[in-house]
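Heads up: the structure comes next, in structure tokens.
The values are calculated or read from the model by the stated rules, or taken from the named source; none is laboratory data. Computed from a predicted structure; not experimentally measured. Methodologically, a virtual Cβ is constructed for each residue, glycine included, from the backbone with ideal geometry; neighbour enumeration extends over all protein chains shown. Accessible surface is based on the protein model in full, side chains and every heavy atom, while ligands, DNA and RNA are left aside. Shrake-Rupley method; radii C 1.70, N 1.55, O 1.52, S 1.80 Å.
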Amino acid sequence: MGDTARSEVPLAVLQDRPASTATSPAPPPAEPGSEAGRQLKELVQIQNPASAAASTPTAPTMGECSTEYRGLPGGNNGVADGAAMATPASLRKVSIVPLVFLIFYEVSGGPFGIEDSVGAAGPLLAIAGFLVLPIIWSIPEALITAELGTMFPENGGYVVWVASALGPYWGFQQGWMKWLSGVIDNALYPVLFLDYLKSAVPALGGGLPRAFAVLGLTAVLTLLNYRGLTVVGWVAICLGVFSVLPFFVMGLISLPKLRPARWLVVDLHNVDWNLYLNTLFWNLNYWDSISTLSGEVDNPGKTLPKALFYAVIFVVVGYLYPLLAGTGAVPLDRSNWSDGYFADLAKLLGGAWLMWWVQAAAALSNMGMFVAEMSSDSYQLLGMAERGMLPAFFARRSRHGTPLVGILFSASGVLLLSSMSFQEIVAAENFLYCFGMLLEFTAFVLLRVRRPDAPRPYRVPLGTAGCVAMLVPPTALIVVVLALSTLKVALVSLGAVAVGLVLQPLLGIVEKKGWLRFAVNEDLPDIGVGHHAPAAAADDEPPAP
């Protein structure tokens with residue numbers, strides 16, 4: 001575990017040697033990871049010792065980005081037999097600006113849905129909640145994501161974190177709970193989109209027209225995911241700007257009408273704590289979802305921490321700005337503060353044109369959240385398949401580089417769950433999400449204790465004791481959220497957890513019987529969590545569409 005990782009020459013060095021090294025006879029081409037590949041590497045080291053020494057990777061200093069995914073001490077130095085990264089560099093095209101907006105949509109999508117916090121607890125507690133909860137929850141989760149997401153820059157994300165710390169069984173449970181939580185959450189967005197439109201098109205309120213609309217909308221948004229993360233990222237930017245602008249305008253219009261005393265209204269004897277906490281929690285979690293796209297990010301060691309930092313500011317300001325404008329400019333009637341009330345506030349403050357803009361922004365925001373969440377869910381399945389936790393066909397990519405089977409599975413789950421109510425969806429996904437976060441917290445601390453020397457391009461600036469202290473408030477919040485869940489939600493969610501406990505051993509039987517093929521991607525770092533040896537070849541995969 002703690003021995004020094006051996007140095008190897010990256011494959012890129014062999015491919016891009018200067019012309020001066022061409023004086024020696026060129027060895028025949030060899031496949032990465034093959035015996036011939038190892039002999040080729042040794043030959044180059046013998047013939048060109050200076051070049052080989054100059055190319056030997058060194059451990060990154062704190063705060064710098066490692067150019068190579070080195071893995072953990074005691075593993076295979078991050079690269080199996082000198083092979084290149086699993087994901088071709090040409091596919092890693094997500095830069096910092098699209099990444100910020102992808103995180104924005106994974107977590108927030110705008111202030112739509114925060115109205116219930118005022119209805120449940122009044123202005124003062126609502127404002128305080130969106131000031132305090134980011135410190136208790138969002139910042140710790142974002143910090144953990146930055147450290148572990150750069151430590152393991154691959155598409156398994158939090159699944160690999162937990163598997164590395166607790167073993168592949170619990171890594172699978174993490175993947176099952178978080179994927180199911182994400183799909184449940186994603187089922188909400190087509191429903192909300194149609195809810196915003198049904199006032200203009202009453203036929204979308206129910207029946208076959210609504211069912212066909214959900215199907216058609218899901219198909220169109222799924223196609224965007226199929227076309228690639230670059231497309232999804234720029235769609236997220238356009239939708240994000242359009243969704244935020246009307247609230248900026250509404251805030252400016254509200255300035256002459258603001259009465260700061262209205263922000264201080266509170267009635268502790270009339271608080272729906274369950275609705276209040278669930279609303280806050282739902283609007284401020286899922287920072288870790290971006291980790292399942294780490295393998296697709298350009299220079300994740302630097303890009304991911306910066307994107308998370310900017311996204312935290314973006315999200316918190318995006319909640320507080322319209323909340324302060326709405327509660328400070330209009331006399332309080334808590335019964336009005338429910339889903340969609342920002343559109344009514346826009347009409348009161350600016351007129352019908354602003355109301356229509358807010359409604360359009362809300363509808364399109366749901367589209368942004370859908371495509372971002374589906375990207376995270378589908379790439380997670382791809383990452384699990386590359387680690388041998390799911391059948392190999394989940395690792396297939398389309399000609400656009402996207403996880404074809406993962407997208408189809410995630411879309412099917414959305415359609416199956418789209419009939420659930422808003423309250424049921426929020427409560428169920430929160431419950432499952434809480435269990436997954438407890439595993440993440442445990443993995444974060446254990447990796448700090450057991451593998452302190454593992455390369456971390458970004459490191460939370462706290463010692464192990466400080467990290468444990470940082471996790472006490474969010475853990476207490478999880479306990480409260482779970483305790484306030486209804487019996488129905490608890491039973492359904494625990495039933496879903498039980499399915500995962502049984503599903504992993506069943507997949508082991510399926511693999512043992514040879515009914516489906518499982519394979520560990522040889523190009524991924526050996527971190528000692530594979531449940532079997534890597535498959536010898538993946539050439540028998542059918543060509544990607």
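Some values worked out for this structure:
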| read-out | value |
| --- | --- |
| Single residue of the range 284-307 satisfying the filter (acidic (Asp, Glu) and either open to solvent by 10 Å² or more (accessible area, probe 1.4 Å) or over 16 Å from residue 225 (Cβ atoms) (or both)) that is farthest from the chain's Cα centre (by Cα) | 298 |
| Single match in 198, 178 (criterion: in contact with a helix residue (DSSP H, G or I) (Cβ under 9 Å, 6 or more places away or on another chain), buried (at least 22 other Cβ atoms within 10 Å of the Cβ) and basic (Lys, Arg)) | 178 |
| Filtered residue count, the range 313-365, keeping only those that are without any contact (Cβ under 8 Å) to a residue 12 or more places away in the chain, open to solvent by 30 Å² or more (accessible area, probe 1.4 Å) and either in contact with a Pro (Cβ under 7 Å, 6 or more places away or on another chain) or not in a helix (DSSP H, G or I) (or both) | 1 |
| Which numbered condition residue 269 fails, given (1) over 31 Å from the mean Cα position of the chain (by Cα); (2) surrounded by 13 or more Cβ atoms within 10 Å (Cβ to Cβ) | (2) |
| Options 333, 298: the member that is modelled with pLDDT under 90, out of contact with any helix residue (DSSP H, G or I) (no Cβ under 6 Å at 6 or more places or on another chain) and among the charged types (D, E, K, R) | 298 |
| Wholly within the range 168-257, helices (runs of 4 or more DSSP H) carrying at least 3 residues that are among the polar types (S, T, N, Q) | 168-186, 207-227, 229-254 |
| Those residues of the range 127-161 which are assigned to a helix (DSSP H, G or I), of a type outside the set (S, T, N, Q) and more than 28 Å from residue 322 (Cβ to Cβ), in sequence order | 144, 147, 148, 149, 151, 158, 159, 160, 161 |
| Looking only at the range 511-527, and only at residues there that are open to solvent by less than 30 Å² (accessible area, probe 1.4 Å) and more than 23 Å from the chain's Cα centre (by Cα), the one that is modelled with the highest pLDDT | 518 |
| The range 461-473 - residue that is without any contact (Cβ under 8 Å) to a residue 60 or more places away in the chain and of a type outside the set (Gly, Ala, Ser) and, of those, most open to solvent (accessible area, probe 1.4 Å) | 461 |
| Residue that is least open to solvent (accessible area, probe 1.4 Å) [pool: residues in the range 201-214 that are within 31 Å of the chain's Cα centre (by Cα) and not aliphatic (A, V, I, L, M)] | 210 |
| Positions within the range 441-460 being of a type outside the set (A, V, I, L, M) and either open to solvent by less than 60 Å² (accessible area, probe 1.4 Å) or touching a Leu at 6+ places or on another chain (Cβ under 9 Å) (or both), in sequence order | 441, 442, 444, 448, 451, 453, 455, 456, 457, 458 |
| Residue selected from the range 121-143 under the condition open to solvent by less than 10 Å² (accessible area, probe 1.4 Å) and more than 15 Å from residue 283 (Cβ to Cβ), by the criterion nearest to the chain's Cα centre (by Cα) | 140 |
| Every residue from the range 218-227 that is closer than 25 Å to residue 202 by Cα and surrounded by fewer than 20 Cβ atoms within 10 Å (Cβ to Cβ) | 219, 220 |
| Residue in the range 228-246 that is in contact with a His (Cβ under 7 Å, 6 or more places away or on another chain), closer than 30 Å to residue 314 by Cα and surrounded by 17 or more Cβ atoms within 10 Å (Cβ to Cβ) present | yes |
| Any hit, the range 382-397, residues being open to solvent by 40 Å² or more (accessible area, probe 1.4 Å), in contact with a helix residue (DSSP H, G or I) (Cβ under 7 Å, 6 or more places away or on another chain) and closer than 22 Å to residue 415 by Cβ | yes |
| Any hit, the range 444-451, residues being part of a loop (DSSP other than H, G, I, E, B) and at pLDDT 80 or above | yes |
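One line per residue, one yes/no per condition, for (1) closer than 19 Å to residue 111 by Cα; (2) under 21 Å from the mean Cα position of the chain (by Cα):
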| site | (1), (2) |
| --- | --- |
| 191 | yes, no |
| 216 | no, no |
| 220 | no, no |
| 239 | yes, yes |
